[in-house]
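The values are calculated or read from the model by the stated rules, or taken from the named source; none is laboratory data. These numbers were taken from a predicted model, which means no experiment stands behind them. Here the Cβ positions follow ideal geometry from the backbone for every residue, glycine too, while neighbour counts run over all protein chains shown.
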Amino acid sequence: MLTLLMLPLQSRRLQAVCTLSLWIGLCLPPSQVAMAQALPASAQILGPGQVVASGVVPDEATRQSILVRLRELYGAQRVVDQITVGSVVAPPQWRDHVNHLLSSDLKEISKGQLSIKGNTIDVQGDVANEATRQQVASVMATRLNPTYTVRNGLRVVANEQVKLDQTLGNRIVEFEPGSATLTPSGVQILDEMAGVLADMSDRRFEIVGHTDADGARGSNVALSMARAMTVKDHLAARGIRAESMATLGMGPDRPVASNTTPEGRARNRRIEFRVLPSGQ
């Protein structure tokens, strides 16, 4: 979960200040996102990729500016708007400072918090490596007024999903053309994945099959599911508990590259491993 809390400097008179909080949740299934919108922002727990923005800003222009930026970063369907306009005071260029901080670097942080109090910024949370830890804070400092101080509380944590992603790398689990039969290279990759998954015996994960867009969608969905099942069976034969593995066939619906080139189609024919949130 990533929480963004921004508080401007108070003026000499006591007055309400504008705030912005940003949550990125990883626990609630997407089917329950609509229900989550009715909860207080502090109680929001959303599905993968979902974002909740809440707080009080001084005018509609500021609110729209923030929402436009968030939707650019995460996609319109993933942003839950709970920002309100109220009688609050913002320091000069507060809107600009907020938009400078709403950058793609925030997506590198998990289970984190970014807070601004006056000209002091505290950033905390988990990142995948030391280079990212230093980069996130450095980018924040260079985008803000020189009077701001950035305190870097980020920590490097190689969590389960990171371990899976690093093990798979940019490699593709390959199958024989048009079939769910693994190639020798596909078998080798899965044997490596089995070694990592064996250390995650207390977690459940999902095996997702994908195809390119050639052919009928229905056939591709069926093929992607058959390939996901082949991967599950192979891993089970290597000692991974069958009940810890869910399978899903997405067919051509989630491409990561263009289907207009052979290279793009090859990238889209893939197997994805996703660690499931606790309780799923």
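Could you count how many residues in the range 153-180 are among the hydroxyl-bearing types (Ser, Thr, Tyr), closer than 26 Å to Ala222 by Cα and surrounded by 13 or more Cβ atoms within 10 Å (Cβ to Cβ)? Break it down stepwise before answering.
From the range 153-180, those among the hydroxyl-bearing types (Ser, Thr, Tyr) are 167, 179; that's our starting set.
This time we only want the ones that are closer than 26 Å to Ala222 by Cα, so: 179.
Subset that is surrounded by 13 or more Cβ atoms within 10 Å (Cβ to Cβ): none.
The number of residues fulfilling the criteria is 0.
Residues satisfying the criterion are present in the range 243-266 (criterion: within 30 Å of Asn129 (Cβ to Cβ), touching a strand residue (DSSP E or B) at 6+ places or on another chain (Cβ under 7 Å) and part of a loop (DSSP other than H, G, I, E, B)). The set of residues from the range 83-92 being surrounded by fewer than 16 Cβ atoms within 10 Å (Cβ to Cβ) and touching a residue at least 12 places away in the same chain (Cβ under 8 Å) comprises Thr84, Val85, Gly86, Ser87, Val89, Pro91.
Are there strands (runs of 3 or more DSSP E) fully within the range 1-98 with at least 3 residues that are modelled with pLDDT under 55? List them.
Numbers: elements: 2-7, 20-24, 51-57, 79-85.
Counting at least 3 such residues, we get 2-7.
Within the set of pairs 6+ apart or on separate chains, which have a first residue in the range 44-59 that is over 27 Å from Ala16 (Cα atoms), a second that is modelled with pLDDT of 80 or more and of a type in the set (Gly, Ala, Ser), and C-beta atoms under 8 Å apart? Short answer, once both residue conditions are applied: Gly49/Gly75. Kindly evaluate Asp212 against the criterion of being assigned to a loop (DSSP other than H, G, I, E, B) and assigned by TED's automatic domain parsing to the domain that holds Thr230. So Asp212 passes the test. For the range 230-242, the criterion of being in the same structural domain as Ala266 (by TED's automatic domain parsing), within 24 Å of Glu176 (Cβ to Cβ), touching a Gly at 6+ places or on another chain (Cβ under 8 Å) and buried (at least 17 other Cβ atoms within 10 Å of the Cβ) is met by at least one residue. For the range 47-96, the set of residues classified as among the polar types (S, T, N, Q) and more than 18 Å from the chain's Cα centre (by Cα) consists of Ser54, Thr62, Gln64, Ser65, Gln82, Thr84, Ser87, Gln93, listed by residue number. Within the set Gly178, Gly195, the sole residue that is closer than 16 Å to Asn268 by Cα and at pLDDT below 95 turns out to be Gly178.
Does at least one position in the range 205-212 carry a residue that is over 17 Å from Arg238 (Cβ atoms), touching a strand residue (DSSP E or B) at 6+ places or on another chain (Cβ under 9 Å) and free of Cβ contacts under 8 Å to residues at least 60 places away in the same chain? Yes, the range 205-212 has at least one match. Selection within the range 181-215: residues that are within 25 Å of Asp253 (Cα to Cα) and among the charged types (D, E, K, R). The member of this set that is surrounded by the fewest Cβ atoms within 10 Å (Cβ to Cβ) is Asp214.
The set of residues in the range 127-152 that are surrounded by fewer than 15 Cβ atoms within 10 Å (Cβ to Cβ), part of a helix (DSSP H, G or I) and touching a residue at least 40 places away in the same chain (Cβ under 8 Å) is empty.
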